[in-house]
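In what follows, a single structure is set out as structure tokens and then discussed.
Values in this text are rule-based calculations from the coordinates and carry no lab data. Predicted model only: the values in this text are computed from it and were never measured. Cβ atoms come from the backbone with ideal geometry, glycine included; neighbour counts cover every protein chain shown.
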């Protein structure tokens, strides 16, 4: 996959004025863009930054979301995200 050119933004800005926000898959965020009547799809780079990769209508959101899921780890690596185990407890 080639480098993804998305809009880097704060997580706060990505979620601003959103009536709906969800993390349907680890690393992907979806929120509404009420002004443009669309859904935003973003790849979470860390706790404060999101790469906005797509904006789609409600009828296309599921298909587009499924197309982005296989690329999450690669996009995160392109942006210097290292997989860590902060969210997991050792047993």
**Request:** Please find, in a Gaussian network model of the chain (springs between Cα atoms separated by less than 10 Å), the residue of 53, 72, 81 whose mean-square fluctuation is greatest.
**Result:** 81
**Complete:** Labelled set (i) 27, 12, 8; (ii) 27, 15, 12; (iii) 22, 15, 13; semi-axes √(5λ) of the Cα gyration tensor in Å computed from this model equals the value at (iii)
**Segment residue 4-residue 26, extension gain: residue separation times 0.36 nm, minus the distance between their alpha carbons** = 6.1 nm
**Prompt:** Exposure proxy check: 69, 28, 43 ranked by fewest other beta carbons within 10 Å?
**Reply:** 69, 28, 43
**Asked** Which of 76, 16, 44 moves most in a GNM of the chain, Cα contacts under 10 Å?
**Response** 16
**Prompt:** In percent, how large is the relative contact order of the chain, given Cα pairs closer than 8 Å and 6 or more residues apart?
**Reply:** 25 percent
**Request:** Taking 7 Å along the Cα-to-C-beta vector as the label spot, tell me the residue 69-residue 36 distance in nanometres, rounded to one decimal.
**Result:** 2.4 nm
